[in-house]
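This report refers to the structure that appears directly beneath it.
The values are calculated or read from the model by the stated rules, or taken from the named source; none is laboratory data. Small disclaimer: the values here were computed from a predicted structure and weren't measured. FYI the Cβ positions are ideal-geometry reconstructions off the backbone, even for glycines, and counts take in every protein chain you see.
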Amino acid sequence: MESTSAPMDSVTDDLSNEISRMSCDNTTEQKHQFGRTLVCVEYPAIVQNDDKMIQSLGGIHKISKVYAERNRRLELRFRPDDVYCRPACADRQKVTGLLLSVKVRRKKSSGEVVNVTPTVVGKVNMAFKFTSLCDFQFLAMDKINDKMECIYDQLVPRGLLTPQWFQDPAPYFLPPATFSRMDTVQNYQYRQETVHNDTTVQPYHIGRTRRRRSGHAIFVTFSTATIPLKPRPSALKFLDIKFLGGTHLQVMKQHFAERPIWSKVALMCVTGYSSEQMKFLLPAVAYYFVTGPFRIMWVRIGYDPRKHPAARIYQSIDYRIRVLGGTQSYVKAKRSYTQYLLPYKSTPSSRPKTAILSQQAEEKPVEPDSGLTENHYIFRPGMIPPSRQMFYQLCDIKVPEIELMVERLPRIQPGVKCHERLGWLPAGFAEQCRDIINNLVVEQIKIVRENNSQPGTSEEFSEYLEEEQDNEDTEENDDEDWEDYDDS
């Protein structure tokens, strides 16, 4: 033991001395690549074949795709050819390190270390570490004649299919998408959960999947006779708690004075406020329409668009990209079922956040960048929507043909009431707008497809904030959470 440890100690000492000399010597910059940035993957196995290691991680293309998406986890499948293999997931972590290439010269006769030459290959700022548990594995096997046999070939065909394969009976093998909801170790300690008796919260109903949202906002249906004339006291109280009652509130009031109806995404883009701030600002100045032609829109408190025909330019147009070949490569979905498979995606936004409150927060507010652009609420010719379903307001559709149609709309006669589905627009107007938008989008997709040698790799139309959409209050999918406003 002593004979082997001495040379290693000598190498370590020489290496540390050489690194110290490198940090003080400016002449080594040409030799060392300090400006090269690398990504580290701590592979949880002894690597003997580099190709198989990369294949188990999904290939270079999959690794690059995971690196490009901020909240995607790196998946390791020890059986990459098995579609039923449950991966082990690695989380990205910020690190500070250097990758060194060390050359050690020894004497052949005695093995004495003559020279140690370290070379900096690059710096490492990010590492993927496999620190979580792997999900349960369920093999494609069945008990036949008191013997376990593999039925994978019967489930997943190989090669060309024959008509007989579709007629043969198939074994039942339907494992769930995931077995474990969490893959991190939890300190349970066999304690009973604490039950809080909150009398202000309404009891649960059968079929509900989660609790109601905070009751600060006022939800109104189209059939509600009266509209709110003032916000709830709790909404104003939370503005003071969150230090949003000064400049932030005045900015919101100014925007609603100029335009009485807004979408949340449009306000986030115009003001630069985050979704967390909008959660408290919007209930203080507006109420939310759940159904009708102004669905998923925030309306200024005291303003009833059902009594003002001029509000028809603020009606929402539900546009959905029609299914065409190759469309999914250019237009991303707002959300996917993979977002709810917890082991495959990290959700740092769902972790508890510590709010640091101070008086300086009101004096000098620092506006976080919402990451949204006007393309997320305004449509113009020559652009592709950021998601497959968009709720555009009629005034935000900057298409000359549609703008001309709006100008030619007939004047609303006195005594005409707002229609629950059409609003103040004539029948077929919204459908015609959707057809015009769809033709423009399909034409633009064809142009982009011709310009790109590899369809689906353009980042211009694939960047949509997944972390932000996990935070957003997706009211358009939560119609069951509205509450009728009681004017009494």
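The table for this structure:
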item	result
The stretch 257-266, subset part of a helix (DSSP H, G or I) and hydrophobic (A, V, I, L, M, F, W, C), residue surrounded by the most Cβ atoms within 10 Å (Cβ to Cβ)	Ala266
Per-region count, the stretch 313-340, residues touching a Gly at 6+ places or on another chain (Cβ under 6 Å) and modelled with pLDDT of 90 or more	1
Arg212 modelled with pLDDT under 75, basic (Lys, Arg) and surrounded by 10 or more Cβ atoms within 10 Å (Cβ to Cβ)	yes
Number of positions in the stretch 422-453 that are within 30 Å of Ala310 (Cβ to Cβ) and more than 27 Å from the chain's Cα centre (by Cα)	15
The stretch 228-256: number of residues that are assigned to a helix (DSSP H, G or I), within 25 Å of Thr373 (Cβ to Cβ) and touching a residue at least 12 places away in the same chain (Cβ under 8 Å)	8
Search result, residues across the stretch 84-118 that are in a loop (DSSP other than H, G, I, E, B) and out of contact with any Phe, Trp or Tyr (no Cβ under 9 Å at 6 or more places or on another chain)	Lys107, Lys108, Ser109, Ser110, Gly111, Glu112
Residue list for the stretch 379-401, restricted to those being out of contact with any His (no Cβ under 9 Å at 6 or more places or on another chain), not β-branched (Val, Ile, Thr) and not in a helix (DSSP H, G or I)	Phe379, Arg380, Pro381, Gly382, Met383, Arg388, Gln389, Phe391, Tyr392, Gln393, Lys398
Matching residues, the stretch 402-425, being part of a loop (DSSP other than H, G, I, E, B) and surrounded by 14 or more Cβ atoms within 10 Å (Cβ to Cβ)	Leu409, Ile412, Cys418, Leu422, Trp424, Leu425
Residues of the stretch 68-100 that turn out to be polar (S, T, N, Q) and either modelled with pLDDT of 90 or more or outside the structural domain of Lys31 (by TED's automatic domain parsing) (or both), as a count	2
Matching entry among Ser453, Ser462 (being modelled with pLDDT under 90 and surrounded by 14 or more Cβ atoms within 10 Å (Cβ to Cβ))	Ser462
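The rows are residues; the columns are (1) within 25 Å of Val270 (Cα to Cα); (2) surrounded by fewer than 17 Cβ atoms within 10 Å (Cβ to Cβ); (3) modelled with pLDDT under 90; (4) acidic (Asp, Glu).
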residue: Phe222; (1), (2), (3), (4): no, no, no, no
residue: Phe238; (1), (2), (3), (4): yes, no, yes, no
residue: Ile241; (1), (2), (3), (4): yes, yes, yes, no
residue: Val251; (1), (2), (3), (4): yes, no, no, no
residue: Gln254; (1), (2), (3), (4): yes, yes, no, no
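Residue-wise test of (1) in a loop (DSSP other than H, G, I, E, B); (2) among the basic types (Lys, Arg); (3) surrounded by fewer than 12 Cβ atoms within 10 Å (Cβ to Cβ); (4) more than 34 Å from the chain's Cα centre (by Cα).
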| residue | (1), (2), (3), (4) |
| --- | --- |
| Val120 | no, no, no, yes |
| Val124 | no, no, no, no |
| Leu139 | yes, no, no, no |
| Asp146 | yes, no, yes, yes |
